[in-house]
Ligand SMILES: Cc1ncc(COP(=O)(O)O)c(C=O)c1O
């Protein structure tokens with residue numbers, strides 16, 4: 001009989017892996033249905049598009065279904081061509097990722113390693129410190145001001161060891177946004193050899209008049225990378241497709257490191273069709289605007305403090321009882337996102353849904369608070 005060996009790999013695993021707390025995604029609808037036997041569930045936990053995806057995207061995927069046995073185009077030629085035209089940059093300035101998440105991580109892999117520093121903001125997106133930790137770099141968290149990025153303090157945190165700075169505008173989970181003036185004062189002072197990643201995952205939802213569109217700065221700052229996604233306003237979260245725009249040299253390094261077929265064929269086909277349907281994005285933005293108003297008025301009426309948001313989600317504060325409110329919402333079929341892992345134990349993040357989903361959340365919250 002074979003002797004069963006027990007082994008411990010903690011001595012041989014890369015040391016930085018031991019300290020990693022993996023990203024915690026929103027609870028899937030099917031899981032809550034299974035756990036509590038609920039038929040009506042509203043998921044307002046992952047900043048997804050409540051409208052779904054454009055019918056043109058669905059039709060493009062159906063047409064392409066017969067190509068399932070072929071490897072995808074590893075260079076994403078057509079998608080880059082369409083994006084380049086849409087963004088008014090050259091295809092060589094674009095990298096396509098398996099979600100923008102992949103690209104955010106690849107930047108850390110390209111530029112940082114043990115002994116290097118990666119700067120991000122308190123309440124910044126969880127993937128930034130994770131990307132640093134995975135490569136053994138030090139993640140340097142800079143205290144936020146009013147839940148948003150303190151860009152001057154981030155600049156002050158730059159040392160000779162700084163390799164990458166991650167910034168989200170609007171920020172997730174807080175929804176805060178910074179102005180063109182703040183951005184220009186920052187980017188003009190960042191040393192040329194420090195790479196700045198400006199994550200614009202929620203740009204389409206932002207109607208702040210002073211919003212700095214990152215693309216306007218790419219040609220002037222070769223150390224600037226703009227990250228965007230098809231997961232939010234375009235409604236393609238399950239397909240995993242995002243992109244980065246920057247100088248050709250850095251884009252080339254990212255391409256050297258990524259997997260050869262990192263973005264599947266259907267994601268590429270869908271992204272092309274999505275760009276060609278701007279009406280769908282417009283409609284998604286409008287639904288979000290209406291839903292934001294619907295939820296904000298209800299929170300105001302209930303006198304629940306919240307952080308003003310420029311994204312498709314918002315943070316509401318429940319001092320001393322966020323976890324209890326979250327559990328009670330789950331029991332009533334509403335999934336929102338606790339953000340204790342972001343150092344916000346009293347806060348819940350609520351994604352904006354359809355009018356009906358928002359009403360479900362509001363009714364459930366009212367019932368809980370009246371108990
Ligand atoms: C700020 C921010 N950046 C990037 C992402 C990653 O999105 P994806 O990998 O779906 O493109 C998210 C997802 O929630 C996000 O909130």
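The values are calculated or read from the model by the stated rules, or taken from the named source; none is laboratory data. Small disclaimer: the values here were computed from a predicted structure and weren't measured. Virtual Cβ from ideal backbone geometry, glycine too; neighbours counted across all protein chains shown.
Here are a few things to note about the model shown:
- Pairing each residue of the range 281-303 that is on the phi > 0 side of the Ramachandran plot and modelled with pLDDT under 95 with any residue that is crowded, with 18+ Cβ neighbours inside 10 Å and outside any loop (DSSP other than H, G, I, E, B), provided the two are 6+ apart or on different chains, yields no C-beta distance under 8 Å.
- Failed item in (1) more than 19 Å from the chain's Cα centre (by Cα); (2) part of a loop (DSSP other than H, G, I, E, B), with residue 23 passing the rest: (1)
- Residue within the range 40-58 that is in a helix (DSSP H, G or I), away from the ligand (no atom under 15 Å from the Cβ) and modelled with pLDDT under 90 present: no
- When residue 52 is tested against (1) under 22 Å from the mean Cα position of the chain (by Cα); (2) surrounded by fewer than 16 Cβ atoms within 10 Å (Cβ to Cβ); (3) over 20 Å from residue 230 (Cα atoms), just one condition goes unmet, and that condition is (3).
- The number of residues in the range 203-218 that are within 16 Å of the ligand (Cβ to nearest atom), in a helix (DSSP H, G or I) and free of Cβ contacts under 8 Å to residues at least 60 places away in the same chain comes to 1.
- Residue match in the range 161-175 (condition: within 30 Å of residue 18 (Cα to Cα) and surrounded by fewer than 19 Cβ atoms within 10 Å (Cβ to Cβ)): yes
- Of the residues making up the range 142-182, those that are more than 16 Å from the ligand (Cβ to nearest atom) and either within 26 Å of residue 338 (Cβ to Cβ) or outside the structural domain of residue 200 (by TED's automatic domain parsing) (or both) are 142, 143, 145, 146, 150.
- The condition (being assigned to a loop (DSSP other than H, G, I, E, B) and within 16 Å of the ligand (Cβ to nearest atom)) is satisfied by just one residue among 234, 221: 234.
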